[in-house]
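K.L.:
Sending over a structure as structure tokens; questions will come in a sec.
The values are calculated or read from the model by the stated rules, or taken from the named source; none is laboratory data. As the structure is a computational prediction, the values presented were derived from the model and not from experiment. Every residue, glycine as well, gets a Cβ built from its backbone with ideal geometry; the counts of neighbours run over all protein chains shown.
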């Protein structure tokens, strides 16, 4: 019996060694829950166990995934090329580039890591492409990660914006209340909060309230282009919804002049055609009423 057990153990050990040898090592730094830091190369994962070859050693150690506080990786991403793609709004290519860069770390994606900012980029790309389900999937994970409050806030903002854009207004309202973003609507409230609340009000057909909230973003947070630019686009949409087509047109022209090479530029151009359609329909209905 002892010999059989020994043979099985030997075979299992050989298979494990073969698997480790065949795996592509990933340089990493592991910060454990007890404060200990492991530096080396990840060589594989078996369920709840992560296999690491410590730096300067040939020995493989097994660490429980749940005992790891954070992993830190080096990501192979050509940032100059990525920034150029972003400038050109080449969202498909951006997504491929991000997916390729993050693919080696798929086995560890459930463990907190420094990859959050890359996943946040992917989330925003999905959002700009109108793939709100995919954006929401990533945003929900980021919004629950409290290691970096700034990234968490952005994740939560896009979580709610994805719900709104996807037509899940009630769900978005529930999440807004859960995070308490509706508690402060003063001029000093974060621009992301005010903008999300404005979008939510617009989706609920409360355009006067949306206009008031959105005006606070534009009036008091001009130093925040991430929210200032979409807020100006929302202004144009609100003017159009209220039948103020000349004002909507003027805002669209300003956006195209001030923010070239941005998603807001593209959307403002699209909105201009929609405004022309709405204006023509309004004039036609007015003419029909006059004829009666």
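K.L.:
Is it the case that segment 213-227 has a residue that's surrounded by 21 or more Cβ atoms within 10 Å (Cβ to Cβ), on the phi < 0 side of the Ramachandran plot and not in a helix (DSSP H, G or I)?
P.N.:
yes
K.L.:
Anything in segment 73-86 that is touching a residue at least 40 places away in the same chain (Cβ under 8 Å) and under 20 Å from the mean Cα position of the chain (by Cα)? List them, or say none.
P.N.:
Those that are touching a residue at least 40 places away in the same chain (Cβ under 8 Å) and under 20 Å from the mean Cα position of the chain (by Cα): 73, 75, 77.
K.L.:
Right, here's the next one. How many residues does segment 49-64 contain that are within 23 Å of residue 146 (Cβ to Cβ) and either in contact with a helix residue (DSSP H, G or I) (Cβ under 8 Å, 6 or more places away or on another chain) or assigned by TED's automatic domain parsing to the domain that holds residue 114 (or both)?
P.N.:
1
K.L.:
Take the conditions outside the structural domain of residue 92 (by TED's automatic domain parsing), in contact with a helix residue (DSSP H, G or I) (Cβ under 7 Å, 6 or more places away or on another chain), buried (at least 17 other Cβ atoms within 10 Å of the Cβ) and not in a loop (DSSP other than H, G, I, E, B) and apply them to residue 198. Does it pass?
P.N.:
Yes; evaluated as a whole, the condition is true for this residue.
K.L.:
Which of (1) closer than 20 Å to residue 226 by Cβ; (2) modelled with pLDDT of 95 or more; (3) outside any loop (DSSP other than H, G, I, E, B) is the odd one out, the single condition residue 185 does not satisfy?
P.N.:
(3)
K.L.:
When the residues of segment 159-174 are filtered to those that are surrounded by fewer than 20 Cβ atoms within 10 Å (Cβ to Cβ) and assigned to a helix (DSSP H, G or I), which remaining residue is nearest to the chain's Cα centre (by Cα)?
P.N.:
Here the answer is 165.
K.L.:
With the structure loaded, tell me whether residue 59 is in a loop (DSSP other than H, G, I, E, B) and under 24 Å from residue 34 (Cα atoms) or whether it fails that test.
P.N.:
Yes; evaluated as a whole, the condition is true for this residue.
K.L.:
Would you mind stating whether residue 263 is touching a residue at least 60 places away in the same chain (Cβ under 8 Å), in the same structural domain as residue 198 (by TED's automatic domain parsing), surrounded by 16 or more Cβ atoms within 10 Å (Cβ to Cβ) and under 30 Å from the mean Cα position of the chain (by Cα)?
P.N.:
Considered against the rule, which asks whether it is touching a residue at least 60 places away in the same chain (Cβ under 8 Å), in the same structural domain as residue 198 (by TED's automatic domain parsing), surrounded by 16 or more Cβ atoms within 10 Å (Cβ to Cβ) and under 30 Å from the mean Cα position of the chain (by Cα), residue 263 comes out as yes.
K.L.:
Also, quick follow-up: Between 178, 147, 156, 119, which is under 21 Å from the mean Cα position of the chain (by Cα), surrounded by fewer than 17 Cβ atoms within 10 Å (Cβ to Cβ) and at pLDDT 95 or above?
P.N.:
Of 178, 147, 156, 119, the one residue that is under 21 Å from the mean Cα position of the chain (by Cα), surrounded by fewer than 17 Cβ atoms within 10 Å (Cβ to Cβ) and at pLDDT 95 or above is 178.
K.L.:
Then there's this: Name, by its number, the condition in (1) modelled with pLDDT of 95 or more; (2) assigned to a strand (DSSP E or B) that does not hold for residue 44.
P.N.:
Answer for residue 44: the failing condition is (1).
K.L.:
A further question on this structure: Looking at (1) at positive phi; (2) crowded, with 17+ Cβ neighbours inside 10 Å, which is the one condition that is false for residue 56?
P.N.:
(2)
K.L.:
If you don't mind, there's one more thing I want to ask. Might you check whether a residue that is in contact (Cβ under 8 Å) with a residue 60 or more places away in the chain, under 27 Å from residue 146 (Cα atoms), outside any strand (DSSP E or B) and not assigned by TED's automatic domain parsing to the domain that holds residue 29 occurs anywhere in segment 92-103?
P.N.:
no
K.L.:
Could you figure out which of (1) assigned to a helix (DSSP H, G or I); (2) closer than 24 Å to residue 213 by Cβ isn't true of residue 243?
P.N.:
That leaves (1) as the condition not met.
K.L.:
Restricting to segment 62-91, what's the tally of residues that are outside any helix (DSSP H, G or I), farther than 15 Å from residue 121 by Cβ and out of contact with any strand residue (DSSP E or B) (no Cβ under 8 Å at 6 or more places or on another chain)?
P.N.:
1
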